[in-house]
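Derivation of every value follows stated rules applied to the coordinates shown; laboratory data play no part. Not measured: the values here are computed from a predicted model. Heads up, the Cβs are rebuilt from the backbone with ideal geometry, glycines too, and the neighbour counts pull from every protein chain shown.
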Amino acid sequence: MEANREAKAILKHARISPRKVKIVLDLIRGQDANMAMAILKNTPKAASEYLIKLLKSAIANAEIKEMDSSRLYISECYVCPGPTLKRMMPRAKGSADRILKRTSHVTIALKERSSGNDIAVAE
């Protein structure tokens, strides 16, 4: 078994602010994949829907790499701002305000936990 195998999934141009995604990512960082899925399904945030789909994709990628799905955990998860759509909203006296419609690039990486969480036995 390779020591540092990693399965990754990336979501680009998600139409949600990175600030809103970061709140939910902080909840699942370092958790087991199954526990993270349960947390996401019970979190009433808009970002949860995007992240459930992304986590399922990362788990599927791990299975393709023949990683043990019962030992997967979220080793890395982060969000970066994507391109911002600029829109205008009319205001009083012929002026206008700018509305920024933000997008996000979200990354989730999974790794396998070592088989012995307790004391490692020499082989």
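Here the gap between ARG19 and SER57, fully extended at 0.36 nm per residue and compared with their Cα-Cα distance, gives a gain of 11.4 nm.
For CYS80 and SER114, a Förster radius of 35 Å and the Cβ-Cβ distance give a FRET efficiency of 0.75, rounded to the nearest 0.05. Rounded to the nearest Hz, the phi-derived 3J(HN,Hα) couplings of segment 83-91 under the Karplus curve 6.51 cos²θ - 1.76 cosθ + 1.60 (θ = phi - 60°) are x, 9, 7, 9, 10, 10, 10, x, 10, where x marks glycine and proline.
Restricting segment 24-84 to GluC sites (Glu not before Pro) that sit in a DSSP loop and have at most 16 other Cβ atoms within 10 Å of their own Cβ leaves GLU66. Loop-resident trypsin sites (Lys or Arg not before Pro) (DSSP state other than H, G, I, E or B) in segment 1-105 with no more than 10 further Cβ atoms inside 10 Å of their Cβ: ARG91. The convex hull built on the alpha-carbon positions of segment 17-100 has an orientation-averaged projected area of 7.0 nm². Near LYS65: Cβ cut-off under 9 Å, other residues only, Lys/Arg at +1 and Asp/Glu at -1. The net charge is -2. Compute a Gaussian network model of the chain, connecting alpha carbons closer than 10 Å, and tell me which residue from PRO18, PRO90, PRO81 fluctuates the most. Of the options given, PRO90 has the highest mean-square fluctuation. The MET88 and LYS12 beta-carbon pair, evaluated with R₀ = 30 Å, returns a calculated FRET efficiency of approximately 0.70. Taking 20 Å as the limit for the C-alpha separation, the pairs LYS20/LYS65; LYS45/LYS111; LYS12/LYS86; LYS20/LYS101; LYS22/LYS56; LYS8/LYS86 exceed it in the case of LYS20/LYS65; LYS45/LYS111; LYS8/LYS86. Entry note, the chain: the mean residue ellipticity at 222 nm calculated from DSSP H runs of n ≥ 4, each adding -39500 (n - 2.57), is -9500 deg cm²/dmol after division by the residues and rounding to the nearest 500.
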